[in-house]
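The block underneath contains the structure these notes are about, expressed in structure tokens.
Bear in mind these aren't lab numbers, they're just calculated from the coordinates by the rules spelled out. Because the structure is predicted, anything quoted here is derived from the model rather than measured. Quick reminder, even Gly has a Cβ in these numbers, built from the backbone with ideal geometry, and neighbours come from all protein chains shown.
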Amino acid sequence: MKKNLSFLLLLFLTVSLFAQTPKKERVKAFRMQFINEHLALTDAEKEKFWPIYNQFLKDRKALQKNRPKRREVESMSDSELEQLLENRLQVKEQMIVLQRKLYLDIKQVIPLKKVAKLQRTEKKFRRKLAQKARKHGKPRD
């Protein structure tokens, strides 16, 4: 009963938060609620986990901004193609370094079982977010 009441309170707070905040803030709040719930993070774990994870998200976003834009391959010279392919590989390598740093930092603050579940939880979150966007007739960002 106590668990159901807690869930209803969390649901109510999430819904009221969604109604009052801009899209990015709603997504951030939904991500936090989703990951907290699926990893079953304790309050102590949340306090240590979220600063590390938020920094990872910020760094990942910066990396993605540097990702080479898609261009029509047919209209590119060989030197442009070489540069494009090299840039793509560099971004992928940097992403792996970033993910490794996240892993090394996160495993210091939450149990390894929860670390192992994080990647799958992120995929589930992205699917759920895409589902919500389709349901509301909005294109994905």
Of 94, 42, 83, farthest towards positive along the dipole that unit charges on Lys, Arg, Asp, Glu beta carbons give region 42-109: 42
Taking K and R as +1 and D and E as -1, what net charge do the other residues with C-beta under 13 Å from the C-beta of residue 114 add up to? +3
Starting from the Cα of residue 23, move 7 Å in the Cα-to-Cβ direction to define the label point; list residues of region 110-130 whose amide nitrogen is under 18 Å from there. 126-130
Listed by chain and number, the lysines with an alpha carbon less than 17 angstrom from that of residue 101, same-chain partners under 8 positions apart left out, are 48, 58, 61, 92, 114, 117
